[in-house]
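**Student:** Quick one: the structure is below, and I'll ask about it shortly.
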Amino acid sequence: METKVTMDKIVNLCKARGLIFQGSEIYGGMGNTWDYGPVGVELKNNIKRAWWKRFVQESPSTYGVDAAILMNPRVWEASGHAQSFSDPKMDCKSCKQRFRADNLIEEHSKGKVSAESMSTEEMQAYINENKVKCPHCGNFNWTEIRQFKLMFETSRGTIDGEKDVVYLRPETAQGEYVNFLNVQRSMRAKVPFAIAQIGKSFRNEITPGNFIFRTIEFEQMELQNFCREENSFALYEEFKAKAKQFLLDLNFNPEHLRYHDHEKLAHYAKAACDIQFLSPLGWEELNGIHHRSTWDLSRHQEYSGKSMLYLDPITNEKFIPNVIEYSIGADRLTLALLTEAYDEETLENGETRVVMHFHPAIAPFKVAVLPLQKNLSEKAKEVYALLSKEFMCEYDEAGSIGKRYRREDEIGTPFCVTIDFDTLENDTVTLRDRDSMEQIRLPINELVDYIGKRVKFN
Ligand code: ATP
């Protein structure tokens, strides 16, 4: 299935309309870093709020945390990242481009061969036997496969110039594992319960790119469910369904989503599944649901020397809970929602309008206040003052009303309120709906209630 939106259209719209800019742009940029602008920061914050509402606020046994990015380096030994968080890298000696060997194999075989379960030697053999060429310059002139470390290191100065290595966390999940007992005790939580977090992660990705799809600094929204083994598979299935429902409730086209069960599992995992979305690049991972057994807590027990046993208050049993993880990238979801929302419509007068059909709850601005003429601005500013106490609002008095509507359509503002001369007479305004473009007349004192009901995420 094809979608008509292209990555170029999204990138250009994001720059022109204040959603996302290249990082450090005036210095020529910094590869694969992006800055959210005044419109983009609202969009992403709304997405994070919708996630938090669904998975924390409305889930009585889920507790939020905001853990430190810099953690004791032993955490990364316990998690296995210090030893093995790396990707198989190959450089093309002709054009100097860098690739992941597993991606080269999957692209060469058009997805028929999965490199997930291959060892480094097997990948090397496949590439040599099939003479897999560089996708950039077409030559077959590779370096050997080398493992490329994905964790960013920095150092913490101590005494006399000695320095200790610390890592920028490559995932947020460890913040929940190390706080398992703190949360359980302070909140008197009973298994099954979950700890959730939204925060930044950092990965020195070999092949970042495709706008905000894969970046070296990104935000994750994830939660770790702690449960008994006998309930773990039911919970895993429950989260597969919940994760998908969340996306459908954000107006994803169901045909643009699919489950992808992992063929190869990490040695400790009992099941793993991604939800993929149909992006302008094809089917891509959007989020993951993983059954991680007792591995994480057992490893922290081993490395920290602190017991991670949970005491069941009813049966008095002591056990280490199983973990069901659900994790989604806030930036990747933002990209997916941008591509889902994008539409080009031909109007009755033959003109085209670009419109972002965001779910109103995530739309950057809920309403735009537009005086028909500049001499109506005093009244319009009163309406703006009223609405901006409740919602993020735009105020725009420059240019023709048609152009101002188009501008709001392009950033997905669900409602436009127009102030005209009748407003001065009878305190009513015109309210225009982004999707249908229909206009109704409403008293000013009904606006907050009318809009408020339509911009909720339930
Ligand atoms: P991928 O296979 O795409 O590298 P992953 O399987 O390593 O992802 P996880 O470690 O499970 O990803 O991370 C959970 C989620 O975090 C992913 O589903 C994705 O939405 C997001 N994510 C992971 N890496 C990045 C990145 N470099 N940039 C943006 N988002 C990311």
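The values are calculated or read from the model by the stated rules, or taken from the named source; none is laboratory data. Computed from a prediction, not measured in an experiment: that's the story for all the values here. Positions of Cβ are backbone-derived with ideal geometry, glycine not excepted, and every protein chain shown enters the neighbour counts. Just so you know, the surface numbers come from the protein's heavy atoms only, side chains and all, with ligands and any DNA or RNA stripped out. Shrake-Rupley method; radii C 1.70, N 1.55, O 1.52, S 1.80 Å.
**Student:** Any residue at all in the range 363-376 that's crowded, with 21+ Cβ neighbours inside 10 Å, farther than 22 Å from Gly18 by Cβ, away from the ligand (no atom under 16 Å from the Cβ) and in contact (Cβ under 8 Å) with a residue 40 or more places away in the chain?
**Tutor:** No, the range 363-376 contains no residue that is crowded, with 21+ Cβ neighbours inside 10 Å, farther than 22 Å from Gly18 by Cβ, away from the ligand (no atom under 16 Å from the Cβ) and in contact (Cβ under 8 Å) with a residue 40 or more places away in the chain.
Here's the yes/no breakdown for (1) β-branched (Val, Ile, Thr); (2) in contact with a strand residue (DSSP E or B) (Cβ under 7 Å, 6 or more places away or on another chain):
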{"residue": "Glu255", "(1), (2)": "no, no"}
{"residue": "His260", "(1), (2)": "no, yes"}
{"residue": "Leu265", "(1), (2)": "no, yes"}
{"residue": "Leu281", "(1), (2)": "no, no"}
{"residue": "Glu285", "(1), (2)": "no, yes"}
{"residue": "Ile289", "(1), (2)": "yes, yes"}
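**Student:** Taking the range 244-294 only, how many residues are open to solvent by 40 Å² or more (accessible area, probe 1.4 Å) and either outside any loop (DSSP other than H, G, I, E, B) or not assigned by TED's automatic domain parsing to the domain that holds Phe226 (or both)? Step through it out loud before you land on a result.
**Tutor:** Let us first name the residues in the range 244-294 that are open to solvent by 40 Å² or more (accessible area, probe 1.4 Å), namely 244-245, 248-249, 251, 253-255, 258-268, 270, 280-281, 283-285, 290, 294.
Now restrict to residues that are either outside any loop (DSSP other than H, G, I, E, B) or not assigned by TED's automatic domain parsing to the domain that holds Phe226 (or both): 244-245, 248-249, 254-255, 258-261, 283-285, 290.
Matching residues across the range 244-294 total 14.
**Student:** Moving to a separate point now. Of the residues that make up the range 67-86, is at least one under 20 Å from the mean Cα position of the chain (by Cα) and surrounded by 14 or more Cβ atoms within 10 Å (Cβ to Cβ)?
**Tutor:** yes
**Student:** A further question follows. Being outside the structural domain of Arg441 (by TED's automatic domain parsing) and either at pLDDT 95 or above or more than 30 Å from the chain's Cα centre (by Cα) (or both) narrows it down to one residue among Met356, Met392; which is it?
**Tutor:** One residue alone meets the criteria, Met356.
**Student:** Now for a different question. Out of curiosity, is Asp91 under 24 Å from Gln174 (Cα atoms), in a strand (DSSP E or B) and not polar (S, T, N, Q)?
**Tutor:** Values: under 24 Å from Gln174 (Cα atoms): no; in a strand (DSSP E or B): yes; not polar (S, T, N, Q): yes.
Spelling it out, it is not the case that Asp91 is under 24 Å from Gln174 (Cα atoms), in a strand (DSSP E or B) and not polar (S, T, N, Q).
**Student:** Same structure again: Within the range 190-204, restricting attention to residues that are crowded, with 18+ Cβ neighbours inside 10 Å and under 22 Å from Leu150 (Cα atoms), which residue is nearest to the ligand (Cβ to nearest atom)?
**Tutor:** Among those residues, the one meeting the criterion is Arg203.
**Student:** In addition: Here are Arg432, Arg407: which of them is open to solvent by 10 Å² or more (accessible area, probe 1.4 Å) and either closer than 28 Å to Lys15 by Cβ or at pLDDT 95 or above (or both)?
**Tutor:** Of Arg432, Arg407, the one residue that is open to solvent by 10 Å² or more (accessible area, probe 1.4 Å) and either closer than 28 Å to Lys15 by Cβ or at pLDDT 95 or above (or both) is Arg407.
**Student:** Take the residues in the range 304-338 that are within 14 Å of the ligand (Cβ to nearest atom) and of a type outside the set (A, V, I, L, M, F, W, C); name whichever of them is farthest from Thr294 (Cα to Cα).
**Tutor:** Thr334
**Student:** Which count do you get for residues in the range 212-233 that are more than 10 Å from the ligand (Cβ to nearest atom) and in a loop (DSSP other than H, G, I, E, B)? Let's see the steps before the verdict.
**Tutor:** Of the range 212-233, the ones more than 10 Å from the ligand (Cβ to nearest atom) are 223-233.
Of the ones still in play, those that are also in a loop (DSSP other than H, G, I, E, B) are 228.
Looking only at that region, the number is 1.
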